[in-house]
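Reading through the structure tokens given below for one structure.
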Amino acid sequence: MKLLLLSGNSIRNKDWIEQVEPVMRPFFDESKIHYYKHWSTGAEFIDMEFEAQKVAEEVKDWSDYFVFAKSIGGVLTLKGIYEKTLRPIKCLFVGAAIFEGGESNFPVAKWVEGYSTPTLFIQKTADPVVSFNDLKNYLGTKDLKNYSLKEIPGDNHSYDDLEYLKEEMTEFIKGS
């Protein structure tokens, strides 16, 4: 099985995802970090269409793969799954930015229609992007299947407890 890693929008997430990769890598035969174009151009926000095409191209020959995504990376994954350009067997989303995606005029509500990829959401209680309760309520109003949601304490959008994420990844993979 392979691993695709998608980070959050900010260039600050580049170092973070590069720290995550070696922690998660032992569970997989191969891993790939996707680097966003706007990180090198200096643009403030992700070009969702460009990145969706680029990610689809990167995994086009992969069959069994897992997506680990933070923040806008999860929104990008939802788009790809909806459009059938991404077909992961499971996803783990941390700090889901579903509302951020909505505010950016991304049709996230459409992208989650009928969503059934087994997915674990890990969200901080008071994440300023989307709190645990707001995410729980949002997901509860949508027709999602095969997902679970774990709350962890915190009031920021940083998910730096890599040992905890590794433990959750281990349990999630075992649930196969």
Put Glu44, Glu21, Glu51, Glu113 in order of accessible area, largest first, 1.4 Å probe: what do you get? Glu44, Glu113, Glu21, Glu51
Only helices counted: for the chain, with every DSSP H run of 4 or more residues adding -39500 (n - 2.57) and the sum spread over all residues, [θ] at 222 nm is -11500 deg cm²/dmol
Would you tally the net charge around Ala43, using a Cβ to Cβ cut-off of less than 12 Å, leaving Ala43 out, and scoring K and R as +1, D and E as -1? -2
Nearest-10 value in Å² for the accessible area of Arg25, using the 1.4 Å probe: 90
Using alpha-carbon pairs under 8 Å, 6+ residues apart, how would you state the relative contact order of the chain in percent? 19
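Considering only Cα-Cα distances, which of the following residue pairs are longer than 26 Å: Lys14/Lys174; Lys110/Lys166; Lys79/Lys145; Lys84/Lys145; Lys37/Lys142; Lys32/Lys142? Kindly include the intermediate steps, with their values, before the conclusion.
On the way: Lys14/Lys174 28 Å; Lys110/Lys166 31 Å; Lys79/Lys145 16 Å; Lys84/Lys145 17 Å; Lys37/Lys142 31 Å; Lys32/Lys142 30 Å.
Where the Cα-Cα span goes over 26 Å, the pairs concerned are Lys14/Lys174; Lys110/Lys166; Lys37/Lys142; Lys32/Lys142.
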Can you compute the charge dipole magnitude of the chain about its Cα centre, using +1 on each Lys and Arg Cβ and -1 on each Asp and Glu Cβ, nothing else charged? Give it in debye, rounded to the nearest 20. 420
Of 53-62, 88-97, ordering from highest average Cβ density within 10 Å down gives 88-97, 53-62
Cβ crowding within 10 Å averaged over residues, with 144-157, 74-87 ranked highest first: 74-87, 144-157
Relative packing of peptides 63-71, 130-138 - highest average C-beta neighbours within 10 Å first: 63-71, 130-138
If r is the Cβ-Cβ distance from Lys145 to Glu58 and R0 is 30 Å, what FRET efficiency results, to the nearest 0.05? 0.65
Bridge type composition, the range 1-148 - antiparallel percent by DSSP, nearest 5: 0
Square roots of five times the C-alpha gyration tensor eigenvalues of the range 68-176, ordered largest first and given in whole Å, equal 20, 17, 12
How large is the accessible surface of Met48 in square angstrom, using a 1.4 angstrom probe and rounding to the nearest 10? 10
Compute the distribution of all C-alpha to C-alpha distances in the range 97-156, in bins of 5 Å from 0, and list the percent of pairs in each, rounded to whole numbers. 4, 19, 27, 27, 18, 6, 0
What are the residues whose amide H is under 5 Å from the amide H of Leu92, where those residues sit 5 or more places off or on another chain and H is modelled from the backbone? Val67, Phe68, Ala69, Leu120
Euclidean distance of C-alpha centroids, the range 134-176 and the range 1-47, integer Å: 18
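The values are calculated or read from the model by the stated rules, or taken from the named source; none is laboratory data. Treat the numbers as computed from the prediction; the structure is a model and nothing was measured. Neighbour counts run over all protein chains shown; Cβ positions are idealised from the backbone, glycine included. Surface accessibility is based on the protein's heavy atoms, side chains included, excluding ligands, DNA and RNA. Shrake-Rupley method; radii C 1.70, N 1.55, O 1.52, S 1.80 Å.
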